[in-house]
1. Hey, rough spin-label estimate for residue 95 and residue 317, points 7 angstrom out along Cα→Cβ, what's it come to in nanometres?
2. On a straight-distance basis, which aspartates and glutamates could pair with residue 220 in a cross-link, Cα separation under 14 angstrom, same-chain partners fewer than 8 positions away excluded?
3. Given points 7 Å out from each Cα along the Cα-Cβ axis, report the residue 298 to residue 9 separation in nanometres with one decimal.
4. When ranked by the protection proxy of mean other Cβ atoms within 10 Å per residue, highest first, what sequence do the peptides 246-259, 89-102 form?
5. Once fully extended, how much extra length lies between residue 30 and residue 161, figured as 0.36 nm per residue of separation less the alpha-carbon to alpha-carbon distance?
6. Give, in nm to one decimal, the length gained when the segment between residue 288 and residue 60 is fully stretched (0.36 nm per residue of separation minus the Cα-Cα distance).
7. Going by average Cβ neighbours within 10 Å, how do the peptides 129-137, 27-35 rank, with the highest at the top?
8. Set the Förster distance to 30 Å, then compute FRET efficiency between residue 42 and residue 123 from the Cβ-Cβ distance, nearest 0.05.
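Every number in this text was worked out from the coordinates using simple rules, so none of it is lab data. Since we're looking at a predicted model, the values are computed, not measured. In this analysis, Cβ positions are derived from the backbone assuming ideal geometry, glycine residues included, and neighbour counts consider all displayed protein chains.
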Amino acid sequence: MIFKSFGLNFNDILKKNLFLLYGENLSLITEISEKLIEEAANKLGLSTKRYQEEYLIQNQEVLEQLIKSDNLFGEQEIIIIGKTTDKILGILDEENIENYQKKIIFLSDTLTKKSKLRMLAEKSNNFACIPCYNDTPEQIQNILAQKLKENKVTISRELLNSIFEINSLNRQDINEAIKKIQLLQKTSTINEETLKSIIYSSNDSDNFEISNYCLLGDKKNINKTLSNIYSQGISFNEILAALKYKVNKLIDILESNHNKLNIGQLVESYKPAIFWNEKKIIKEQLNRWEIKELYQLLDIISETEINCKKNYEISPTILKQFIINTSTKACLENRFL
């Protein structure tokens, strides 16, 4: 049974015994799974046992014993299985899946529509299937604003925008920042400078950085950053979302030019104010791209996103070629502008 990842009612979800959390948004998967574990402990008195799929496949008797038998001391458990794929079905009794009483959380990366595990979870009434798609930059910005408000921290729209100009934040970054803020609030007042120092991205490879290099045509830094990302694992959703945000921002700046200012004057006068260390980059990007090209690029980004989703196995290759073509503006060739 499918549940949407937002507005979850954990009382309803805990009526299920099996849970599948999958998708590109690892921060959201972690957030939901930890909340499930917390609710299971508080309301059902369940302790937690964690395993990786690979270990259970190599030691199949372990999962069988966990499912069929109770703890010797009468302690009830919720089992977490990380990095699950369709291979896990080889050691599950699919015919009796509706009768499973042990609570198990399966954590997965992206699963295609053809995934047997995903199809089983979507159809079974004993499953809570929760897809976790990537948040858009706008959604992340709203999440940060809401959590700051809940903690009685005031932030201006200008500062909020500037934070996102230089950071590619995710839910984990925000949650970590809020924890730090809550600790600091006990001894000091939170001001704008404190917020700037606390809120930063945990990503070693900044998706917004790649977006800037693409729009600048900076081949040297693109190749260097791509190499770093491939060594850590790549998410086309995050990079394309960041690039889409940057392109829309450039379009908005150009469309605000009602007084026919030059690029330098336009960037300096734009509201909300552009963060100081972004001004030079944005000026160079605006000098390189015409507004009709940026609109065309938005369409190409959407097409690339669809192509990556349809061909997930080769999505890194598709994304790499797209980034190279964007940096040289070759992506615009043979298209009607």
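1. According to this spin-label approximation, the distance is 4.1 nm.
2. Excluding near neighbours in sequence, the set is 209.
3. Using points 7 Å along Cα→Cβ, the separation is 3.8 nm.
4. On the way: 246-259: 15.3, 89-102: 13.1.
Put in order of decreasing packing, that is 246-259, 89-102.
5. So the chain would gain 44.6 nm between residue 30 and residue 161.
6. 76.3 nm
7. Numbers: 129-137: 20.3, 27-35: 18.6.
Top of the packing list down: 129-137, 27-35.
8. Numbers: r = 30 Å, r/R0 = 1.00.
That gives a FRET efficiency of 0.50.
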